[in-house]
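The values are calculated or read from the model by the stated rules, or taken from the named source; none is laboratory data. Note that this is a predicted model, so its numbers are computed, not measured. Positions of Cβ are backbone-derived with ideal geometry, glycine not excepted, and every protein chain shown enters the neighbour counts. SASA here: full protein model, heavy atoms, side chains in, ligands and nucleic acids out. Shrake-Rupley method; radii C 1.70, N 1.55, O 1.52, S 1.80 Å.
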2 protein chains.
Amino acid sequence: MRELRRDPVADRWVIFSAERADRPMGAITEHIVEPDSFCPFCEGAEASTPSESFALREEGSAPDGPGWRLRVVPNKFPALSGEERPSGNETDIYQRLPGVGRHEVIIETPEHDRSLADMPEARIAEVFGAVRGRMREYRKDERIRCAQFFKNHGQAAGASLPHSHSQLIGMPVVSKLLAEELEGAARHYRQRGRCVFCDIIEFELSHGQRVIERDEVFVALAPFASRFPYEAWLVPTRHEARFDDTDDAVILALAGMFKQIAARLNRTLDDPPYNLMLHTAPFGPAPPAPYHWHIELMPVMGRAAGFEWGAGFHINSVFPEDAARVLREAP
Amino acid sequence: MRELRRDPVADRWVIFSAERADRPMGAITEHIVEPDSFCPFCEGAEASTPSESFALREEGSAPDGPGWRLRVVPNKFPALSGEERPSGNETDIYQRLPGVGRHEVIIETPEHDRSLADMPEARIAEVFGAVRGRMREYRKDERIRCAQFFKNHGQAAGASLPHSHSQLIGMPVVSKLLAEELEGAARHYRQRGRCVFCDIIEFELSHGQRVIERDEVFVALAPFASRFPYEAWLVPTRHEARFDDTDDAVILALAGMFKQIAARLNRTLDDPPYNLMLHTAPFGPAPPAPYHWHIELMPVMGRAAGFEWGAGFHINSVFPEDAARVLREAP
């Protein structure tokens, strides 16, 4: 059973995805991944995932068989699904929605031990391209308002299987962080008539101290108010609200910049676990003020605890100017 | 050096607390706590903490010596401090504040292996009473706008030392979650002319399915939009905005209810790590709409990952109706 519920005070939606049980336990702290156990994401194990919704394959190879270099499959335990019915009947102060949406896994490579950052640029670009393609599919469904693409690399970053993969969740409401960013972008636009991200890029490029790397298409920044040590944002310098509207040249440049920054993080922090998140405008009509898609990359160096959950603030022990300098100087 | 920085898009403050270094590393994933190593929170080790700002002691015992049953000391590595100077000079799109505030540790017991929930009710009440006392002290400082009390129990919940303790951080800005709750409470008040928490209590008590326990003074709920499996809120049934204004009878009742709920969680989930957070109105003038202080208690059963950091949403695999039933039925 899947359902979205809104907290009446904090205006925060929570996705419930549960089988009702006598003694429901939820996720148990840290999945145990046994290195030698069966991997459902390896070539030859296609039958152990739901049927693929997209794949890049050798010519002539059959769906859900070997011969692929990338597969997209529905999540076996989806947070949201296409076939949920309205549930419950309390109303009054509470609001709920059926858990309608999509939840897919992008299996980025058939090789069990290959990480995304180690793949050739063209292959990384195929991963981002597949995400763009799936989002173009999702946006045809009017019930889906936005999609969250994310990757958890390493067990401490929340990955439950070591085989390199990422996930895409299509949601019937705009996510909380995206709503906040849209509001912040609108506030900035009202005050200055400009895209706040374009202003950030201009400011950072002219000051330089938080720039990790730049090329013709992307700038990689340690953001001014980084929540985590060595947090990095990859921002396309050309203004564009939606990742799903971007072109192949930008996708290829994104792959190159991701590979560069991941290599710098790996050399500096010794292959850290990380979370990667795409921020992009909701589907549907144009947003009321300029938005600007980008990728946020966060090495996992600690974990959120009482202060973060209570205050919604973060305490960061590394200034972004220092992080950017160290990453620029990485051999 | 300490500084607060505001993200210009997400309107989110981050506290920077760092010594500048050539190769700053930040927190390393999971502190390693060696069970036999020296504990700075034990009786006899008073010299290894900063001087106590408050203590409950045997009559005649000297400050910063043995003979105490509770000590409050400044954090040795404070996130915020009373003596920060304004820093930096960039302005334009960015906003920053000096890292002014307080950061104290409440050492809840001299016994190394005693957990808060195992202490007698009267001793637990002394802990909450000490927090109230420190908040009454903090609020005299006009630079401090609100305080976040929190407890991380267990290594997986972020505790860096096993000896039972909690923390209090006084901040120069209102925390993000508190600001959101104040806004939600104001919205509800505009629409209904009532305190949203009082309405929640009334609704939950009349429906019953998410009530874990209640007595004359408190109700313990599995909240409608729980972010985490077995999340529990302890809410005083009498309307009161500020924890720092509450009286001894409520403090004692809180201790009793905390002990009850912690025992139910321990029996159900086998002594889980948990985070405990106090939510209370900011210091200074009365809030513009009714607020209602409460405690949020969250067993740690997984960890936030890419989806949570990207979307600001949570996926919860246990419905609160199920969690409340299981906790009610705990032996």
Considering every residue in A:265-273, what mean count of other chain Cβ atoms within 10 Å of its Cβ is obtained?
1
Share of accessible surface on carbon and sulfur in the range B:228-331, whole %, 1.4 Å probe and ligands ignored, is 56
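Rounded, prolate or oblate for the range A:148-231? Axes are the square roots of the Cα gyration tensor eigenvalues, ordered a ≥ b ≥ c, and the cut-off for rounded is a/c under 1.5. It would help to have the intermediate numbers written out before the result.
Values: a/c = 2.46, a/b = 1.36, b/c = 1.81.
Oblate shape, in that a/c is at least 1.5 and b/c is the bigger or equal ratio.
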Rounded to the nearest 10 Å², the 1.4 Å probe accessible area of B:GLU213 is 30
Between the range B:300-331 and the range B:68-133, what's the alpha-carbon centroid distance in Å?
27
Given a 1.4 Å probe and every protein chain left where it sits, what share in percent of the accessible area of the range B:68-223 is carbon and sulfur?
46
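Once every DSSP H run of n ≥ 4 in chain B is given -39500 (n - 2.57) and the sum is divided by its residues, what mean residue ellipticity at 222 nm do you get, rounded to the nearest 500 deg cm²/dmol? Before the final figure, lay out each step's value.
Numbers: 6 runs with 85 residues, N = 331.
Helix-only estimate at 222 nm: -8500 deg cm²/dmol.
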Taking A:ARG187 in one copy and the same position in all the others, each labelled 7 Å out along Cα→Cβ, what are the pairwise distances from the first, in nm, shortest first?
1.5
Before anything else, pin down the relative contact order of the range B:181-247: Cα pairs under 8 Å, at least 6 apart, normalised by residue count, whole percent.
20
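Which peptide among A:312-324, B:242-254 comes first, and what is the full order, when sorted by highest mean count of other Cβ atoms within 10 Å? Could you put the intermediate results ahead of the total?
Working: A:312-324: 22.4, B:242-254: 17.5.
Highest mean packing first, the order is A:312-324, B:242-254.
Just to verify a number: FRET efficiency for B:CYS198 and B:ASP141, C-beta to C-beta distance, R0 = 45 Å, to 0.05?
Values: r = 31 Å, r/R0 = 0.68.
Efficiency, from the Cβ-Cβ distance: 0.90.
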Subtract the Cα-Cα distance of A:ARG267 and A:HIS112 from 0.36 nm times their separation in residues, and report this length gain in nm to one decimal.
53.6 nm
Average accessible surface area per residue within chain A, 1.4 Å rolling probe, Å²:
39
Filter the DSSP H helices in chain B by two things, a Kyte-Doolittle mean of at least -1.0 and an axial alpha-carbon span of 15 angstrom or more, and list the hits by number.
B:121-138, B:196-207, B:248-269
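For peptide A:177-186, what's the mean number of Cβ atoms from other chains within 10 Å of each residue's Cβ?
Average per residue, whole number: 4.
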Please give the total accessible area that chains A and B bury against each other, computed with a 1.4 Å probe and expressed in Å² to the nearest 100.
9100
Taking r as the C-beta separation of A:SER160 and B:SER51 and R0 as 51 Å, the FRET efficiency to the nearest 0.05 is 0.65
Restricting to Cα pairs under 8 Å and 6 or more apart, the percent relative contact order of the range B:222-331 works out to 44
Rank by packing, highest mean first: peptides A:220-232, A:158-170, A:41-53, with packing defined as the count of other Cβ atoms within 10 Å averaged across residues.
A:220-232, A:158-170, A:41-53
Of B:204-211, A:132-139, ordering from highest average Cβ density within 10 Å down gives A:132-139, B:204-211
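Counting other Cβ atoms within 10 Å, which trypsin sites (Lys or Arg not before Pro) in the range A:36-125 have at most 13 and lie in a DSSP loop? Write down the numbers at each step before the final one.
Working: sites: A:ARG57, A:ARG69, A:ARG71, A:LYS76, A:ARG96, A:ARG102, A:ARG114, A:ARG123; in loops: A:LYS76, A:ARG114.
Here the sparse-neighbourhood loop sites are A:LYS76.
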Report, for B:GLY65, each distance to the same residue's label point in the other copies, shortest first and in nm; define the point 7 Å along Cα→Cβ.
8.5
For chain A, what does the convex hull of the Cα positions come to per residue, in cubic angstrom?
164
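Take the alpha carbon gyration tensor of the range B:96-240, find the square roots of its eigenvalues, order them as a ≥ b ≥ c, and report rounded if a/c is under 1.5; if not, report prolate when a/b exceeds b/c, else oblate. Don't skip to the end; give the middle numbers.
On the way: a/c = 1.87, a/b = 1.19, b/c = 1.58.
Oblate.
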Can you list, shortest first and in nm, the gaps between the label point of A:CYS42 and those of its counterparts in the other copies, using a point 7 Å from Cα in the C-beta direction?
4.8
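Would you mind classifying the protein assembly as shown by shape? Square roots of the alpha carbon gyration tensor eigenvalues, ordered a ≥ b ≥ c; an a/c under 1.5 is rounded, otherwise it is prolate if a/b is larger than b/c and oblate if not. Don't skip to the end; give the middle numbers.
Numbers: a/c = 1.60, a/b = 1.37, b/c = 1.17.
Here the protein assembly as shown falls in the prolate category.
About the Cα centre of the protein assembly as shown, how large is the charge dipole given +1 on each Lys and Arg Cβ and -1 on each Asp and Glu Cβ? Please answer in debye to the nearest 20. Walk me through the numbers before you get to the answer.
Numbers: 78 positive and 100 negative charges, 332 e Å.
Rounded to the nearest 20 debye, it is 1600 debye.
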Within 10 Å of each Cβ in peptide B:71-81, how many partner chain Cβ atoms are there on average? Round it to a whole number, please.
1
